[in-house]
Amino acid sequence: MGAPLTIVGAGSAGAVIAARVSEDPSREVILLEAGPDYVADWPADLLDGRRNATVSHDWGYHFLANRRQDPAPLPRGKVMGGSSAVNTCIALRGQPYDFDEWAERGGAHWSFEACLPAFRRLERDLDVDNAWHGQDGPITIRRHRPDELTAIQSAFLAAAERLGFPSCFDHNDPTTTGAGPHAMNKIDGRRISTALGYLAPARNRDNLRIVSRCPVHRVLFEGRRVVGLEVLREGRVERRPARQVVLAAGAIATPGILARSGIGPRAQLERIGVEVLVDAPVGEHLLDHPGAAYIAAPRPGVTQGTDPIIQTTMRYQPALGRPNEMQLQPVNFVDLPGVPLLFAFTVVVGKPAGHGRLWFPSALPDQKPRIESALGHHEEDRKKLIEGLEHARAVMQTPELRALTGVVAWPTDEHLAQPGDAWVLPGTGSGYHPCGTAPMGDERDPHAVVDFFGRVHGVEGLLIADASIMPTIPSSNINLPTIMMGERFGEWLRDGTL
């Protein structure tokens with residue numbers, strides 16, 4: 001075997017890369033994960049795909065949504081499988097234009113046509129067998145049947161039909177639009193994370209070594225060549241030799257590792273006392289999906305906290321945007337401390353015009369970045385949110401929903417009637433889809449940190465292969481696109497392209 005490949009982060013991309021590269025018995029792979037590893041006895045909340053697991057295995061990040069709000073938690077999974085082990089299990093790919101626009105920037109191998117084989121390879125779709133889908137992949141996907149839907153979800157689909165929106169069974173078929181069941185990577189309520197789908201079948205390979213509870217502080221260089229990693233292992237700082245490193249720690253943690261390694265904005269690095277190796281716009285273009293919710297009280301017995309949190313969605317084109325970029329989806333319950341159980345219709349902007357940034361307070365490895373998401377700061381995004389809330393109000397006013405609904409908590413008719421749009425900012429939140437913090441691009445692109453194969457500009461031996469490198473945000477939830485990227489990097493690294 002040659003020099004081992006070291007992968008940092010076992011999440012939606014890193015676990016996939018480790019599994020795919022180690023299919024070649026001549027390649028030695030070391031997978032480092034900051035969180036714990038569970039071989040058999042997985043905690044119940046990590047297996048329960050009915051709701052997010054936001055506390056037990058979380059990084060503890062907080063984000064500032066916008067200037068009208070206080071910091072709030074930004075859940076990210078700190079465990080084998082990363083955020084794929086704690087998320088809502090929504091298995092959407094996005095639209096062909098999401099990936100074609102990456103190709104148009106110079107990475108022809110990121111076109112939708114080029115990515116489709118990887119999307120098909122990652123999935124085992126139990127409901128649809130056609131040219132768009134795969135049947136043999138590690139991530140099992142299905143859609144809730146009509147008899148499995150809660151009263152709110154069923155009423156939502158009926159209301160959408162009444163309002164003239166098309167019915168849509170397969171949201172991952174790019175020729176479709178409208179309302180229907182979500183594609184979800186959960187089976188009988190059990191979340192299928194990349195740890196279960198990819199690592200479980202691979203973990204007994206002789207050429208794959210998995211090291212858990214091993215956070216990485218920084219990448220070590222001689223000149224501009226990677227020579228190792230500084231990690232925290234069993235309470236001690238250790239140096240591990242490495243010649244080829246793949247950072248897949250996620251769009252928040254990967255930038256922190258880069259900054260502590262001397263790769264980042266010069267002004268920020270000099271302020272925190274880190275010697276500048278590469279002056280790069282790390283963290284300067286944080287992308288996320290702005291969202292807002294139309295919240296109401298259900299009539300007694302309509303919903304309960306044991307229901308699946310989400311089962312259906314509706315995609316549509318906003319007045320100012322792209323086809324299918326918007327989602328309106330019913331949430332079966334909103335569980336707030338000291339507040340009776342509520343439900344909501346969440347509206348999510350798939351192609352936001354605005355962006356935020358990361359700000360690094362210090363070079364201490366346990367210091368979390370300040371996450372300034374700037375959600376809703378752009379006027380176009382506010383207009384899309386308000387348009388979506390108006391759709392939600394129309395849904396709430398149908399007979400199907402009026403039969404289930406009590407008092408509307410937010411926004412009121414008075415809010416929606418206001419002439420301005422700033423009122424939506426206090427109610428704007430995150431889709432929990434951070435990306436774009438180390439984007440792909442040509443070396444001459446002032447916004448780019450890596451090239452179109454994830455190789456960090458200005459150094460040798462360091463790749464980034466997670467949602468950090470997305471140059472634009474996909475219009476859907478980003479877990480499946482991130483797994484797709486892991487498939488592609490895994491293939492390239494296994495077969496010698498990288």
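The values are calculated or read from the model by the stated rules, or taken from the named source; none is laboratory data. From a predicted model like this one, the values you see are computed outputs, not experimental measurements. Please note: Cβ atoms are built from the backbone with ideal geometry, for glycine as well, and neighbour counts cover all protein chains shown. We work out accessible area using only protein heavy atoms, side chains counted, and drop any ligands, DNA or RNA first. Shrake-Rupley method; radii C 1.70, N 1.55, O 1.52, S 1.80 Å.
Within the stretch 161-172, can one find any residue that is among the aliphatic types (A, V, I, L, M) and not in a strand (DSSP E or B)?
So far as the stretch 161-172 goes, yes, one or more of its residues are among the aliphatic types (A, V, I, L, M) and not in a strand (DSSP E or B).
State the number of residues belonging to the stretch 1-51 that are of a type outside the set (A, V, I, L, M, F, W, C), assigned to a loop (DSSP other than H, G, I, E, B) and out of contact with any helix residue (DSSP H, G or I) (no Cβ under 9 Å at 6 or more places or on another chain).
Qualifying residue count, the stretch 1-51: 10.
Being closer than 27 Å to A15 by Cα, of a type in the set (K, R) and under 23 Å from the mean Cα position of the chain (by Cα) narrows it down to one residue among R213, R218, R236; which is it?
On inspection, the qualifying residue turns out to be R213.
Determine whether the stretch 245-263 contains at least one residue that is in contact with a Leu (Cβ under 6 Å, 6 or more places away or on another chain) and open to solvent by 20 Å² or more (accessible area, probe 1.4 Å).
no
Could you run through the stretch 364-377 and say how many residues are buried (at least 19 other Cβ atoms within 10 Å of the Cβ) and either over 19 Å from the mean Cα position of the chain (by Cα) or assigned to a loop (DSSP other than H, G, I, E, B) (or both)?
Total meeting the criteria: 6.
Could you look through the stretch 394-408, keep only residues that are of a type outside the set (S, T, N, Q) and open to solvent by 60 Å² or more (accessible area, probe 1.4 Å), and pick out the one that is farthest from A151 (Cα to Cα)?
Here is the first cut: in the stretch 394-408, the ones of a type outside the set (S, T, N, Q) are 394-396, 399-404, 406-408.
From what's left, open to solvent by 60 Å² or more (accessible area, probe 1.4 Å): 399, 402-403, 407.
Values: P399: 13, R402: 12, A403: 10, V407: 17 Å.
Restricting to residues being of a type outside the set (S, T, N, Q) and open to solvent by 60 Å² or more (accessible area, probe 1.4 Å), the top hit is V407.
When you look at H433, is it in contact with a Gly (Cβ under 8 Å, 6 or more places away or on another chain) and closer than 20 Å to G354 by Cβ, yes or no? Spell out how you get there, then give the answer.
Values: in contact with a Gly (Cβ under 8 Å, 6 or more places away or on another chain): no; closer than 20 Å to G354 by Cβ: yes.
Against the criterion (in contact with a Gly (Cβ under 8 Å, 6 or more places away or on another chain) and closer than 20 Å to G354 by Cβ), H433 does not qualify.
Quick check on this structure: which one of S212, S167 is open to solvent by 10 Å² or more (accessible area, probe 1.4 Å) and touching a strand residue (DSSP E or B) at 6+ places or on another chain (Cβ under 7 Å)?
The conditions single out S167.
Quick check on the stretch 476-496. Is at least one of its residues in a loop (DSSP other than H, G, I, E, B), farther than 30 Å from Y316 by Cβ, over 19 Å from the mean Cα position of the chain (by Cα) and without any contact (Cβ under 8 Å) to a residue 60 or more places away in the chain?
yes
With the requirement that a residue be acidic (D, E) and in contact with a helix residue (DSSP H, G or I) (Cβ under 6 Å, 6 or more places away or on another chain), what does the stretch 417-459 give you?
Result: D421, single match.
If I go through the stretch 84-111 residue by residue, how many of them are open to solvent by less than 30 Å² (accessible area, probe 1.4 Å), in contact (Cβ under 8 Å) with a residue 40 or more places away in the chain and outside any loop (DSSP other than H, G, I, E, B)?
Final tally of qualifying residues: 7.
Counting only residues that are part of a loop (DSSP other than H, G, I, E, B) and under 16 Å from Y432 (Cβ atoms), how many does the stretch 336-354 have?
Taking the stretch 336-354 and keeping what is part of a loop (DSSP other than H, G, I, E, B), we get 336-341, 350-354.
Restricting the remaining residues to those that are under 16 Å from Y432 (Cβ atoms) gives 350, 352.
Here the count works out to 2.
Filter the stretch 174-228 down to residues that are touching a Leu at 6+ places or on another chain (Cβ under 7 Å) and in a helix (DSSP H, G or I), then give me how many there are.
Qualifying residue count, the stretch 174-228: 1.
Tell me which of these F63 doesn't satisfy, since it passes every other one: (1) under 21 Å from the mean Cα position of the chain (by Cα); (2) within 26 Å of R488 (Cα to Cα).
Of the numbered conditions (1) under 21 Å from the mean Cα position of the chain (by Cα); (2) within 26 Å of R488 (Cα to Cα), the odd one out for F63 is (2).
For the structure I just gave you, tell me whether I192 is in contact (Cβ under 8 Å) with a residue 12 or more places away in the chain, among the β-branched types (V, I, T) and crowded, with 23+ Cβ neighbours inside 10 Å.
Values: in contact (Cβ under 8 Å) with a residue 12 or more places away in the chain: yes; among the β-branched types (V, I, T): yes; crowded, with 23+ Cβ neighbours inside 10 Å: yes.
Yes; evaluated as a whole, the condition is true for this residue.
Sort through A438, A409 and tell me the only one that's hydrophobic (A, V, I, L, M, F, W, C) and part of a loop (DSSP other than H, G, I, E, B).
Answer to the check: A438.
Going through the stretch 226-239 one residue at a time, which ones are in contact (Cβ under 8 Å) with a residue 24 or more places away in the chain and in contact with a Gly (Cβ under 6 Å, 6 or more places away or on another chain)?
Residue satisfying the conditions is V226 alone.
Taking into account only those residues within the stretch 215-237 that are among the basic types (K, R) and more than 22 Å from G77 (Cα to Cα), which is least open to solvent (accessible area, probe 1.4 Å)? Give the derivation first.
Let us first name the residues in the stretch 215-237 that are among the basic types (K, R), namely 218, 224-225, 233, 236.
Among the residues that remain, those that are also more than 22 Å from G77 (Cα to Cα) are: 224-225, 236.
On the way: R224: 119, R225: 67, R236: 128 Å².
So the residue we want is R225.
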